[in-house]
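No value in this document is a laboratory result; all are computed from the given coordinates. Fair warning: this is a prediction, and the values are worked out from it, not measured in the lab. Backbone-built Cβ (ideal geometry, glycine too); neighbour counts: all protein chains shown.
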2 protein chains.
Amino acid sequence: MESREDRIRYETRAKILKALAHPSRLKLIDKLAEEEEVCVCDLTEVIGSDMSTVSRHLSQLKNAGIVESEKHGQMVFYRLRVKCLKSLFRCIESVVQCNVDESLVMLS
Amino acid sequence: MESREDRIRYETRAKILKALAHPSRLKLIDKLAEEEEVCVCDLTEVIGSDMSTVSRHLSQLKNAGIVESEKHGQMVFYRLRVKCLKSLFRCIESVVQCNVDESLVMLS
DNA sequence: CTAGTATTTGGCCATTTAGCCAAGTACGCA
DNA sequence: TGCGTACTTGGCTAAATGGCCAAATACTAG
């Protein structure tokens, strides 16, 4: 028995997690966490990919509600929209640490 | 300039997030959060898929260090290995709530 | 208006993912 | 030993993802 609400709740959460689940996007988030507001052109250097690729990563984050953007002149500035990411990553890190402690081979 | 350690750190985090980023796996985690220890056969009912599918979802979670398993007789019992998931999902929920507040269309 | 910069989007390809069925493995019981 | 149950793995297909290049859009400066 699964309600429609349940289904949507799980899909929504999954979508947000999926948006976070990529090394380049995590790197973008780290950058935005330290710099407050950054334009796409500066973010390309951070992950070292084509600007079109960066733009697509950013729109995934935006679509999930993790970042927001604002246009100034011909540049678009992105910034974090969510404040709790630090605690989220603390949790992720605790998984990592727990794995390290048990010498679990990651990235296999 | 990206160090090898940085790369690995981001990839490791991404792997854990990716393991979480699927509705069925989130449902499995919820179940394990309430029941402590559940066998694969009971988990098939939770997400309503083939047992082989469930088994693959579980091995992804295990590979990321989120769950662990123990065999008793012919049954394999899975349980959560991570305690902080509640705060992680609280963060995810705050993104959801923030999105709802601004009537952002999700799942588009 | 024209050229140039910043960004997004369309199109394409290679890779990964999710799902199912079927076959393989492991264990318990007769 | 041989059958049945629990689970995992191999093999396949359809769909999604990530990357690049090239074209489209938006804006500025001249």
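Answer yes or no as to whether A:Val40 is in contact with a Leu (Cβ under 8 Å, 6 or more places away or on another chain) and more than 9 Å from DNA strand D (Cβ to nearest atom). When the stated conditions are applied, A:Val40 passes them. Counting only helices (runs of 4 or more DSSP H) that sit wholly inside region A:1-72, those with at least 2 residues that are over 23 Å from B:Cys91 (Cα atoms) are A:40-47, A:51-63. Taken together, the residues in region A:50-84 that are of a type outside the set (Gly, Ala, Ser), within 7 Å of another protein chain (Cβ to nearest Cβ) and more than 15 Å from DNA strand C (Cβ to nearest atom) amount to 2.
Can you name the residue in region A:1-49 that is at the interface with another protein chain (Cβ under 9 Å from one of its Cβ atoms) and surrounded by fewer than 13 Cβ atoms within 10 Å (Cβ to Cβ) and is also farthest from A:Gln60 (Cα to Cα) among such residues? Only one residue fits best here, namely A:Glu2. Condition (residue is more than 7 Å from chain B (Cβ to nearest Cβ), touching a Phe, Trp or Tyr at 6+ places or on another chain (Cβ under 8 Å) and exposed (fewer than 14 other Cβ atoms within 10 Å of the Cβ)) applied to region A:98-106: is it met by at least one residue? Looking for residues that are more than 7 Å from chain B (Cβ to nearest Cβ), touching a Phe, Trp or Tyr at 6+ places or on another chain (Cβ under 8 Å) and exposed (fewer than 14 other Cβ atoms within 10 Å of the Cβ), one finds none in region A:98-106, hence no.
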